[in-house]
Amino acid sequence: MFAWARETNPDQPLTSGLWHDHPLSNEVMLDNSDVVTFHDYDPADKLEAHIERLERTGRPLICTEYMARTRGSLFETSLPA
């Protein structure tokens, strides 16, 4: 899909959200996304570590989903991260 999308010479950046449990898909998405988008439902310390790992791509990051009280992810701790 990335190759097909690039053939259209898009004006907007391409991205596909990462999956924690699918390393092969993550590799393809990280290799081809202009902007790295991801979900993270863990507590703030793990979210920060996740962000630090993804910053190594050198591309903009957007956390598109977060906040799972049952997993320790809270607005008041995740937003500052």
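A few comments on the model shown:
- The angle between the Cα long axis of helix 44-55 and the longest principal axis of the Cα atoms of the chain comes to about 20 degrees, rounded to the nearest 10.
- Selection of chymotrypsin sites (Phe, Trp or Tyr not before Pro), the chain, meeting DSSP coil and at most 14 other Cβ within 10 Å: 19
- P(r) tail fraction, the chain - alpha-carbon pairs more than 14 Å apart, %: 64
- Here the chain has 54 percent of its accessible surface on carbon and sulfur atoms, given a 1.4 Å probe and all protein chains in place.
The values are calculated or read from the model by the stated rules, or taken from the named source; none is laboratory data. In this text, all values refer to a predicted model and were calculated from it rather than measured experimentally. Quick reminder, even Gly has a Cβ in these numbers, built from the backbone with ideal geometry, and neighbours come from all protein chains shown. Areas reflect the complete protein model, heavy atoms only, side chains present, ligands, DNA and RNA absent. Shrake-Rupley method; radii C 1.70, N 1.55, O 1.52, S 1.80 Å.
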